[in-house]
1. Which value in nm describes the separation of the simple spin-label points at residue 128 and residue 109, placed 7 Å from the Cα toward the beta carbon?
2. What relative contact order, as a whole-number percentage, does the chain give when Cα pairs under 8 Å and 6 or more residues apart are counted?
3. Hey, with R₀ at 22 Å, roughly what FRET efficiency would residue 6 and residue 92 work out to, going by the Cβ-Cβ distance, to 0.05?
4. What 222 nm value per residue comes from the helices of the chain, counting each DSSP H run with n ≥ 4 as -39,500 (n - 2.57) and dividing by all residues, nearest 500 deg cm²/dmol?
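Readers should treat all values here as calculations from the given coordinates under stated rules, not as data from a laboratory. Every value quoted in this text rests on a predicted model; they were computed, and no experiment measured them. Neighbour counts run over all protein chains shown; Cβ positions are idealised from the backbone, glycine included.
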């Protein structure tokens, strides 16, 4: 059971962190030559498809993480410092994503739908900043998950 939980946990992290890596470091710079309306509509479609996967990843990460901690390790006293840090960074990432989803993403989506591209661009900048923070936290969390037990 531990192997299944660990695999689900790792896959959920790969989906979320890998998606942010692709969006921030590959897709974003590639869209520089696009006109604002076209670029913003593309982001609208990208986020609309990616965010349900993030919600699924969040649920899987929480369920698998707590199942491992409490079902296999006997609670937080049975895990090392890297797991405590992963737990903290994961919760921060989830809170930041929830804020991104319910505030700037909602406003971005509405602005694109009414073709207010100036407002959409402002919201996209806010989304970009949150994604940058979450990407950094996500990469740190992956490092902890992959190698923390060897520290």
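1. The modelled label-to-label distance comes out at 2.2 nm.
2. The value is 33 percent.
3. The formula returns an efficiency of 0.50 here.
4. Dividing the helical sum by the residues of the chain leaves -28000 deg cm²/dmol.
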